[in-house]
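Asks: My structure is below; once you've seen it, I'll send some questions.
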Amino acid sequence: MFESLTDRLSGVFRSLGGRVQLTEENIQEAMREVRLALLEADVNFKVVKDFTDTVKEKALGTLVMKGVSPAQQVIKVVNDELVHLLGGESTELKLQGQQPAVILMAGLQGSGKTTSSGKLALLLRKQKMKPYLVPADVYRPAAIEQLRTLAKQLDIPCFDSKADMKPADIVQNALMDAKEKQCTVVILDTAGRLHIDEPLMQELRTIKDIAKPQETLFVADAMTGQDAVTVADAFNQQIGITGVVLTKMDGDARGGAALSIKAVTGAPVKFVGMGEKLSEMEVFHPDRIAGRILG
Ligand code: GDP
């Protein structure tokens, strides 16, 4: 991921590297290149503009500093702004409060919701939590079966949802069962549609009212680029999201969604899916990703 962006940016910084002193013009030229590199990586247009404006302003401010190579100073400014763009420090799950804690997974069909629910359960168990899975997509019996199979594979308790149950009843009963089993975190896999529609949003609002999740994670397919960002924004406005799981990053060489979603929605990417296997999910660390982008 981010391969071409890394290539482009390292070219920009190489051209600055040879200079003992930087002028405003050098920085402006470099920012033009950074802008093109980000646009090519499919980053949201407004996000690119704000990013390059901020970097330019801060880099100009550092020109007066002595002792550090000017190129290094610019790279540091870009690095800091990239970390900020990717979510800064705010990517940890916040599960304080009611027990068991509840994580609601929302997103369009095919985005990787069910797989990510299983992956997240595994990840949280590794962190010594006791997860409980809830299939609440009653419109696709195959989805219920899919999560049940994953749960069995992972040996994680899973609510016995039936396709003729109402999602609200599933959630209510599942929460009681999870409490009885002394689980510490409940992961709700909700229904997805091929596009956003009002009945889906209404159902999510109902589930949210009942479950009062500490985290509402929007699951987005990174390969859909700016579409993922637009849909995340719509979900956020309609139901409120606290974070994003960006799936299929293994197939996304550009990284536009990862670089835009926090700035557009205010919700940071918290996890990334890196493959189909249940172990292939990682906590999203903005500083490490920024480091990777800058090569
Ligand atoms: P849902 O409809 O949102 O529940 O989506 P699924 O969890 O069923 O996933 C849809 C497809 O995407 C499946 O074939 C998954 O194996 C695949 N998938 C999910 N996450 C990832 C990922 O991080 N990387 C890759 N390569 N495939 C993924």
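The values are calculated or read from the model by the stated rules, or taken from the named source; none is laboratory data. In this text, all values refer to a predicted model and were calculated from it rather than measured experimentally. As a convention, Cβ positions derive from the backbone with ideal geometry for all residues, glycine included, and neighbour counts pool all protein chains shown. Side chains are part of the model used for accessible areas, which takes the heavy atoms of the whole protein and leaves out ligands, DNA and RNA. Shrake-Rupley method; radii C 1.70, N 1.55, O 1.52, S 1.80 Å.
Asks: Are there any pairs, at least 6 apart or on different chains, whose C-beta atoms fall under 7 Å, with the first in the range 70-89 and closer than 16 Å to I27 by Cα and the second among the charged types (D, E, K, R) and at pLDDT below 95, and if so, which?
Replies: P70/R19; A71/R19; V77/K58
Asks: If you scan the range 52-95, which residues turn out to be closer than 18 Å to V12 by Cα and touching a His at 6+ places or on another chain (Cβ under 9 Å)?
Replies: T54
Asks: Return yes or no: is V83 open to solvent by less than 40 Å² (accessible area, probe 1.4 Å), within 26 Å of G240 (Cα to Cα) and not in a helix (DSSP H, G or I)?
Replies: Considered against the rule, which asks whether it is open to solvent by less than 40 Å² (accessible area, probe 1.4 Å), within 26 Å of G240 (Cα to Cα) and not in a helix (DSSP H, G or I), V83 comes out as no.
Asks: Would you check which residues across the range 122-150 are assigned to a loop (DSSP other than H, G, I, E, B) and exposed (fewer than 14 other Cβ atoms within 10 Å of the Cβ) and list them?
Replies: Matches in the range 122-150: Q127, K128.
Asks: Look through the range 210-222, keep the residues that are of a type in the set (A, V, I, L, M) and away from the ligand (no atom under 16 Å from the Cβ), and return whichever of them is most open to solvent (accessible area, probe 1.4 Å).
Replies: Among those residues, the one meeting the criterion is I210.
Asks: For the range 185-209, which residues satisfy the criterion of being open to solvent by 40 Å² or more (accessible area, probe 1.4 Å) and under 21 Å from R140 (Cβ atoms)?
Replies: R193, L194, H195, I196, E198, P199, Q202, R205, T206, K208
Asks: Write out, first by first residue and then by second, each pair whose Cβ atoms fall under 6 Å of each other, whose residues are 6+ apart or on separate chains, and whose first residue, in the range 203-224, is free of Cβ contacts under 8 Å to residues at least 40 places away in the same chain while the second is charged (D, E, K, R) and open to solvent by 30 Å² or more (accessible area, probe 1.4 Å).
Replies: M223/K248
Asks: Considering the range 153-174 alone, what residues qualify as being closer than 19 Å to A121 by Cβ and touching a Pro at 6+ places or on another chain (Cβ under 6 Å)?
Replies: Selection gives I156, S161.
Asks: Restricting to the range 125-158, name every residue that is touching a residue at least 24 places away in the same chain (Cβ under 8 Å) and basic (K, R).
Replies: R125, K130, R140
Asks: Among (1) of a type in the set (A, V, I, L, M); (2) away from the ligand (no atom under 16 Å from the Cβ); (3) surrounded by fewer than 20 Cβ atoms within 10 Å (Cβ to Cβ), where does A174 come up short?
Replies: (3)
Asks: I'd like the full set of residues that are over 21 Å from T216 (Cα atoms) and among the small types (G, A, S), limited to the range 269-283.
Replies: G275, S279 - these are the residues of the range 269-283 that are over 21 Å from T216 (Cα atoms) and among the small types (G, A, S).
Asks: Could you figure out which of (1) within 16 Å of the ligand (Cβ to nearest atom); (2) exposed (fewer than 14 other Cβ atoms within 10 Å of the Cβ); (3) within 16 Å of L108 (Cβ to Cβ) isn't true of Q153?
Replies: (3) is the only condition that Q153 fails.
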